[in-house]
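S.K.: Below you will find the structure I want to go over with you.
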Amino acid sequence: MLEQPHDLGPGTVAGVLRERPPMDRELPGFDPAAAPAAPGPLFVEWLLGALTAEVPDAQVATLSTVDADGLPDARMLVLRDVDAEGAGWLFAGDTDSPKGRQLTAHPVAALTFYWPPLGRQVRIRGSVETAAPELSAAEFLTRSPAARAAALSGPQSGPIDSTDAYGAELAAALERLAADPGLIAPGHTVYTLRALAVEFWQGDRARRHVRLRYERPSPEAAWTSGLLRP
């Protein structure tokens, strides 16, 4: 606990942050009354809108998981596909990576998308399913040679001696790929986050933010939706 009052004056971190108020710009509107009955189509509309607006890395999200001790973990990753009808969000990773082990132990997760230029956020929570090995292998082969080489060079999140040593491992993996383009990383897996709750948040300059939340008790159940206080 702080023994002295925290300095909030000009030039401090807190002061600098106060000088940059969030959402202080013109933002698109959002009419929740016109939203569809299920979240999948609305997410696709927002995602394509972000891509059309050239929001950098619009397909990148934060994946949150829980480890064996119940502690939360999070990292950025790339969205691979969306099953709009089934409310499934697809991403990929190695089963022996930290996130892979966490998803094996606790097959639940959350995804968070944020598109700052549009003031839009989407939060998704649900259970996680693994795809068939054939689908995972096919997805792996769609990746760039550099991405495949990185997956083949060694265990994700494993220690390295130096960046130069990792560069040598990557170069060796690229040579292996050149000799055998069909190589598949053994643990590469496609996961689907099957949503039980999806929340859309539209920021507003006057702080009249709009929050629309969809929920269902199980993947087989119908969706309900409602507005939340910002």
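S.K.: For region 17-35, how many residues are among the hydrophobic types (A, V, I, L, M, F, W, C), more than 25 Å from the chain's Cα centre (by Cα) and closer than 16 Å to GLY49 by Cβ?
M.R.: At the first step, the residues of region 17-35 found to be among the hydrophobic types (A, V, I, L, M, F, W, C) are 17, 23, 27, 30, 33-35.
Now drop any that are not more than 25 Å from the chain's Cα centre (by Cα), which leaves 17, 33-34.
Subsequent filtering for residues that are closer than 16 Å to GLY49 by Cβ retains 34.
So the answer is 1.
S.K.: Could you list, in sequence order, the residues of region 147-164 that are more than 19 Å from PRO98 (Cα to Cα) and either at pLDDT below 95 or of a type outside the set (Gly, Ala, Ser) (or both)?
M.R.: Selection gives ASP161, THR163, ASP164.
S.K.: Now, a different point. Could you please give the count of residues in region 115-136 that are in contact with a strand residue (DSSP E or B) (Cβ under 7 Å, 6 or more places away or on another chain) and either of a type in the set (A, V, I, L, M, F, W, C) or modelled with pLDDT under 95 (or both)?
M.R.: 5
S.K.: Tell me, which residue of region 167-221 that is of a type in the set (S, T, N, Q) and surrounded by 11 or more Cβ atoms within 10 Å (Cβ to Cβ) is nearest to ASP24 (Cα to Cα)?
M.R.: Residues of region 167-221 that are of a type in the set (S, T, N, Q), as a first pass: 189, 192, 202, 218.
Those still in the list that are surrounded by 11 or more Cβ atoms within 10 Å (Cβ to Cβ) too: 189, 192, 202.
On the way: THR189: 41, THR192: 35, GLN202: 13 Å.
Of everything passing the filter in region 167-221, GLN202 is nearest to ASP24 (Cα to Cα).
S.K.: Scan ASP24, ASP96, ASP73 and give me the residue that is among the charged types (D, E, K, R) and assigned to a strand (DSSP E or B).
M.R.: On the way: ASP24 fails: assigned to a strand (DSSP E or B); ASP96 fails: assigned to a strand (DSSP E or B).
ASP73 is the lone residue from the list that is among the charged types (D, E, K, R) and assigned to a strand (DSSP E or B).
S.K.: Turning to a different aspect of this structure: Consider THR130 against the criteria (1) free of Cβ contacts under 8 Å to residues at least 24 places away in the same chain; (2) among the polar types (S, T, N, Q); (3) within 29 Å of ALA221 (Cα to Cα): it satisfies all of them except one. Which criterion is unmet?
M.R.: Unmet condition: (1).
S.K.: Separate question: Taking the condition acidic (Asp, Glu) and modelled with pLDDT under 95, does ASP73 pass? Step through it out loud before you land on a result.
M.R.: Values: acidic (Asp, Glu): yes; modelled with pLDDT under 95: no.
Against the criterion (acidic (Asp, Glu) and modelled with pLDDT under 95), ASP73 does not qualify.
S.K.: Let me ask something else about it. Give the residues of region 36-54 that are within 22 Å of the chain's Cα centre (by Cα), loosely packed, with under 14 Cβ neighbours inside 10 Å and of a type in the set (Gly, Ala, Ser), sorted by residue number.
M.R.: ALA53
S.K.: Out of the residues in region 103-134 meeting the condition of being of a type in the set (Val, Ile, Thr) and farther than 24 Å from LEU42 by Cβ, tell me which one is surrounded by the most Cβ atoms within 10 Å (Cβ to Cβ). Give the steps one after another, and end with the answer.
M.R.: Just the residues of region 103-134 that are of a type in the set (Val, Ile, Thr), to begin with: 104, 108, 112, 122, 124, 128, 130.
Now restrict to residues that are farther than 24 Å from LEU42 by Cβ: 104, 130.
Numbers: THR104: 13, THR130: 16.
Across region 103-134, the extreme among qualifying residues is THR130.
S.K.: Mind counting the residues in region 98-129 that are polar (S, T, N, Q), within 16 Å of the chain's Cα centre (by Cα) and farther than 15 Å from ALA61 by Cα?
M.R.: Quick first cut of region 98-129, residues polar (S, T, N, Q) only: 102, 104, 112, 121, 127.
Still in the list and also within 16 Å of the chain's Cα centre (by Cα): 102, 112, 121, 127.
Those left that are additionally farther than 15 Å from ALA61 by Cα: 102, 127.
Total satisfying the criteria: 2.
The values are calculated or read from the model by the stated rules, or taken from the named source; none is laboratory data. Bear in mind the structure is a predicted one, so any value in this text is a computation, not a measurement. Cβ: placed from backbone, ideal geometry, glycine included. Neighbour counts: every protein chain shown.
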